[in-house]
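Asker: Below is the structure I would like to discuss, written out as structure tokens.
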Amino acid sequence: MKKGCLISAIIVAIIGLAILAIVLWGTKVYNQMVSMREGVTSQWGNVETQYQRRADLIPNFVNTVKGAAEFEQETLTQVIEARAKATQVTLDPANMTAENLQQFQAAQGELSSALSRLMVVVEKYPELRATQNFRDLQVELEGTENRISVERRKFNEVAQTFNTYIKSFPQNFLAGMFGFTERPYFESMEGAETAPEVRF
């Protein structure tokens, strides 16, 4: 074999190995981004599950309060309307943007506000607060609010990990090529820095 052919074969082998290394790296990065995106989608499902749990508890809670607080119809109507609006706003995790997450969060925030107002109204009815059914539902709602908070925090953590990964060099090239986009975060609602005063 001639010396020139040997050098050409070595150069071709080196180029082939470099291309193979790039393809293997690209495959690994792509699969990692897919895995992380699916993690964000899965965690979003956990968030929705807790919001749905709250929405499912509200009719029982409203019916329990309705029996004792007949004169507070406006507050009960606000809770029912806020629940209806919150359950109508849905969000596809594959097409999640900051704007549609904000709309979702606003609808859920209205429901939270309506529930807070209802709890303040309930304070006027000690006989209602004394019933076992009311206390059980109240505990369920409080537990669900805590679960919502935990799942939202976890969603933000998973989204942050995904966003950091797809924005980092050199993954950002592949992320852009394959359409991996940043996921928005849950943010505190306006006025959240001031805790509402609710007494039971």
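Every read-out reported here was derived from the displayed coordinates using simple, explicitly stated rules and does not represent laboratory data. From a predicted model like this one, the values you see are computed outputs, not experimental measurements. Using ideal geometry, Cβ is built from the backbone for each residue, glycine included, and neighbour counts are taken over all protein chains shown.
Asker: Can you work out D for the chain in µm² s⁻¹ from Stokes-Einstein, where Rh is the Kirkwood radius over C-alpha pairs, the temperature is 20 °C and the viscosity is 1.002 mPa s?
Answerer: Once the numbers are plugged in, D ends up at 105 µm²/s.
Asker: Which order, highest average first, do 14-22, 87-95 follow once you tally other Cβ atoms within 10 Å for each residue and take the mean per peptide?
Answerer: Highest to lowest by the protection proxy: 87-95, 14-22.
Asker: Still on this structure, I have one more. For the stretch 45-158, what does the relative contact order come out to in percent, with C-alpha contacts under 8 Å and a separation of six or more?
Answerer: Result for the stretch 45-158 is 42 percent.
Asker: Within the chain, which DSSP H helices have Cα atoms that stretch 24 Å or more along the helix axis and a mean Kyte-Doolittle hydropathy of at least 0.0? The partial results should precede the final answer.
Answerer: Details: long enough: 3-68 (98 Å, 0.47); 98-122 (35 Å, 0.32); 132-167 (52 Å, -1.01).
In the chain, the long hydrophobic H runs are 3-68, 98-122.
Asker: Just tell me the longest site-free run in the chain, where the sites are trypsin sites (Lys or Arg not before Pro) in a DSSP loop having at most 13 other beta-carbon atoms within 10 Å.
Answerer: 3-123
Asker: Across the chain, where is the longest run that never hits GluC sites (Glu not before Pro) in a DSSP loop with at most 16 other C-beta atoms within 10 Å?
Answerer: Counting at most 16 other Cβ atoms within 10 Å as exposed, the longest clean stretch of the chain is 1-69.
Asker: All other residues with a Cβ under 14 Å from the Cβ of GLU182 taken together, and with Lys, Arg as +1 and Asp, Glu as -1, what is their net charge? Write down the numbers at each step before the final one.
Answerer: Working: positive: ARG37, LYS167, ARG183; negative: GLU99.
Overall, the nearby charge balance is +2.
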